[in-house]
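Engineer: For reference, the structure I am asking about is given below.
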Amino acid sequence: MTLDTLDSDSIDLNNTATNYQISLRNISKVFPGNNNLLDKLTGKTKADFTAIEEIDLDIEHNTFVTIIGPSGCGKSTMLDIIAGLSTATTGTVTIDGQLVDKPGPDRGMVFQNYALMPWMTVKDNIGFAVKTVYPKMPVKQQRRIIKENIQLVGLTGAENKHPHELSGGMRQRVGIARALAINPQILLMDEPFGALDALTRGFLQDEIERIWEQQRKTAIMITHSIDEALLLSDRIVMMTKGPAATIAKVLEIPFPRPRDRTTVENHPDYLKLKQQMEDHLYRETRAVEASRIK
Amino acid sequence: MTAVQKNVIKKDNQFLDNENVKALLLFLLSLGIFLLFWEMGAKLKWFAKGMPTASLTIQELWYWVTHPFYNNGPNDLGIGWNLLISLRRVAIGYTIASVIAVPLGILVGISPVAFKAFNPYFQLLKPVSPLAWLPIGLYLFRDSELTGVFIIAIASIWPTLNNTAFGVANVDSSYLDVSRTLGASRWRTIFKVIIPAALPNIISGLRISMGIAWLVIVAAEMLLGTGLGYFIWNEWNNLYIPNILVTIFIIGIVGIILDQIFAYLEKLVSFGKK
Ligand SMILES: Nc1ncnc2c1ncn2[C@@H]1O[C@H](COP(=O)(O)OP(=O)(O)OP(=O)(O)O)[C@@H](O)[C@H]1O
Ligand SMILES: [Mg+2]
């Protein structure tokens, strides 16, 4: 394909896919097993494993989307493909009409295990991101961005601490600040609060809600918590169990913004939505258990 | 009993309860018994003929510590000079080895293909005693000084190389993911992420290498002339055992100091790990 046709392609996509920022088309991921000759000889064959199959999903600008589903169904696989950290076996991901084939700073990533560099201070961890993405920016401006983002996540005073001196909640604040500091179009979060205790988790959910209201960046978050999903999302993507997991249903969450826990919980649709999600997760998880026993 | 007295007694007990204090007391006690046994055994001729007493050995130690530097020719050189000669050989050989091993280890660790391709060499050469290289060194350089340095370099290259390659190959994949999502260049990833992440492994490799270099230098010098190893050998030819014991003690102390320098460096780069 020449550059020309590529360009007209992307324009085309923009026109047809009117408002969508992220589009997944026919995404499947097969993890290859061991079936070559050598494996057959040694008797260590393993079948190919289809984690996700034929996923189609469109995400509009400035929406907060959460992905929920039974564990091991392929949520991380899907997010990694959007991030460009892993490639789909079939199908395409486009962001604003551009094909995604590698990771890039237009997508900020927050990791479940924080993934902070232990030898860097809070400031340096965020600084590493800023300096990598904006190497030509004047140092003064870089410093201002670092400072602003430290402020944004409420870590002022801890700038010169190393990650091992911080609590889990504070570490994830650094993780969030690092992802936001590069000013990405899209925020990707894989169970960002999965390793935190309930109270800290609640605090950070409130923080995310507050920050999201300020910036309204498109966000895709994986979670296992129904309440977390209902508090934060505009749309909730519910996945079926694996193997060959796919999207079962997408829920629209109509709660007005800005949100807080009590107004959300008192909304007339709250209980119905919650019930629907519980039923879905219960059914899929029970099917997973049943298939394990067989 | 007054309150103050009670307090004092309590403190006394706490002092004795402290683990370090107990260990120190046990150490001093065992040392005392050992020295006493040595002194008596030597005086009563329990051991081999000519075994010096503890007191004589300590006197010699004191003499050498207070008169380390004199020079009456190569066969009568103060222990301080010999120590410096050994340290210099170790420093040069070790530096050459490290300058080769660290970059090579990084290169090999980064590329899985290089790792698999070069690993057989490392595995084959690692278990060979560096002294086996002595004839090769003498043949190649025809010079005992250069051979000593060569032996040290050979001895100290493997642990550093091995640990560096291992550390680089096993950098936490989430650090690399961070680097990739930011779109960092290969060089930036290597210098800002991979090398710092592997630094604890690199330093523990350097520490093991230093330990081995210090072990090997003594053995090598017995065959090369000058240095602490030769000093021991010379005293053996003079059949003067106290000086041999003094040298063993000094080699041990210097070994501890070298090791502690690296232990300190390890601590500097550990950042809460271990
Ligand atoms: N590299 C791999 N090779 C083979 N199978 C893999 C690989 N990575 C993931 N899988 C499998 O793909 C499936 C989906 O994994 P994934 O991590 O995406 O699930 P998940 O929904 O994120 O699970 P969790 O809720 O536990 O985080 C799992 O069954 C997993 O065993
Ligand atoms: Mg996951």
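Engineer: Using the Karplus curve 6.51 cos²θ - 1.76 cosθ + 1.60 with θ = phi - 60°, what ³J(HN,Hα) values do you get for each residue of segment A:158-174, in whole Hz, with x for Gly and Pro?
Structural biologist: The phi angles translate into 9, 3, 9, 8, 8, x, 5, 8, 10, 6, x, x, 5, 4, 5, 4, 4 Hz.
Engineer: Taking the alpha-carbon centroid of each part, what is the distance from segment B:147-204 to segment B:85-114 in angstrom?
Structural biologist: So the two Cα centres are separated by 12 Å.
Engineer: Show the residues, 5+ positions off or on another chain, whose built amide H is closer than 5 Å to the amide H of A:Ile222.
Structural biologist: A:Ile67, A:Met189, A:Asp190, A:Glu191
Engineer: For segment B:168-175, just list the computed ³J(HN,Hα) in residue order, Karplus coefficients 6.51, -1.76 and 1.60, θ = phi - 60°, integers in Hz, with x standing in for Gly and Pro.
Structural biologist: 5, 5, 10, 4, 3, 5, 5, 5
Engineer: Over segment A:162-294, what number does the Rg to Rh ratio reach, with both radii from the alpha-carbon atoms and Rh per Kirkwood?
Structural biologist: Rg/Rh: 0.99.
Engineer: Another question, then. Antiparallel as a % of all DSSP beta bridges within the protein assembly as shown, to the nearest 5?
Structural biologist: The antiparallel fraction comes to roughly 55 percent.
Engineer: Also, quick follow-up: Please give, to one decimal in nm, the separation of the simple spin-label points placed at A:Asn113 and A:Asn34, each 7 Å out from Cα toward the Cβ.
Structural biologist: Output for this residue pair reads 2.3 nm.
Engineer: Over segment B:65-269, consider all pairs of different Cα atoms and compute the Kirkwood hydrodynamic radius from their mean reciprocal separation; express it in Å, one decimal.
Structural biologist: Value: 18.6 Å, from the Cα pair sum.
Engineer: Could you tell me the center-to-center distance, by alpha carbons, between segment B:19-77 and segment A:113-175 in angstrom?
Structural biologist: Using only Cα atoms, the two centres lie 57 Å from each other.
Engineer: Around A:Lys161, which amide H atoms from residues at least 5 apart in sequence, or from another chain, sit under 5 Å from its own amide H, with H modelled in the peptide plane?
Structural biologist: Placed amide hydrogens put A:Val122, A:Lys123 under 5 Å from A:Lys161.
Engineer: Of the trypsin sites (Lys or Arg not before Pro) in segment A:14-81, which ones lie in a loop per DSSP and count no more than 13 other C-beta atoms within 10 Å?
Structural biologist: Details: sites: A:Arg25, A:Lys29, A:Lys40, A:Lys44, A:Lys46, A:Lys75; in loops: A:Lys44.
Hits after loop and neighbour filter: A:Lys44.
Engineer: Write down the Å³ per residue value for the convex hull defined by the alpha carbon atoms of the protein assembly as shown.
Structural biologist: For the protein assembly as shown, the hull spanned by Cα atoms encloses 320 Å³ per residue.
Engineer: Take each of the peptides B:200-212, B:41-53, average the number of other beta-carbon atoms within 10 Å over its residues, and list them starting from the highest.
Structural biologist: Details: B:200-212: 22.0, B:41-53: 12.2.
My ranking of the peptides, most packed first, is B:200-212, B:41-53.
Engineer: Additional query: Using the Karplus curve 6.51 cos²θ - 1.76 cosθ + 1.60 with θ = phi - 60°, what ³J(HN,Hα) values do you get for each residue of segment A:265-272, in whole Hz, with x for Gly and Pro?
Structural biologist: So the J values, rounded to whole Hz, are 5, 8, 5, x, 7, 4, 5, 5.
Engineer: Largest first, please: the extent of the C-alpha atoms of segment B:131-224 along each principal axis, to the nearest Å.
Structural biologist: Cα spread of segment B:131-224 along its principal axes, largest to smallest: 57, 22, 16 Å.
Engineer: While we're on this one: Can you compute the FRET efficiency between B:Phe69 and B:Leu31 using 1/(1 + (r/R0)^6), with r the Cβ-Cβ distance and R0 = 35 Å? Round to the nearest 0.05.
Structural biologist: Using R0 = 35 Å, I get an efficiency of 0.75.
Engineer: Please report, largest first and rounded to whole Å, the three semi-axes of the ellipsoid equivalent to chain A, where each semi-axis is the square root of five times an eigenvalue of the C-alpha gyration tensor.
Structural biologist: 31, 26, 22
Engineer: Same structure, new question: No solvent, one uniform scatterer per C-alpha: report log10 I(q)/I(0) for segment B:5-157 via the Debye equation at q = 0.09, 0.11, 0.18, 0.19 1/Å, two decimals.
Structural biologist: Reported log10 I(q)/I(0), two decimals: -0.66, -0.85, -1.08, -1.12.
Engineer: Same structure again: Quick one: which residues, 5+ away or cross-chain, put their amide H under 5 Å from the amide H of A:Phe64? H built at 1.01 Å from N.
Structural biologist: Placed amide hydrogens put A:Ala219, A:Asp234, A:Arg235 under 5 Å from A:Phe64.
Engineer: Another question, if that's okay. Nearest 0.05, what FRET efficiency do A:Val288 and B:Asn20 give at R0 = 60 Å with Cβ-Cβ as r?
Structural biologist: FRET efficiency, A:Val288 to B:Asn20: 0.65.
Taken together, the values in this text are just the output of simple stated rules run on the coordinates, not laboratory data. Since the structure is predicted, the reported quantities are computational estimates derived from the model, not experimental observations. Cβ coordinates were reconstructed from backbone atoms using ideal geometry, including for glycine residues, and neighbour counts include every protein chain displayed.
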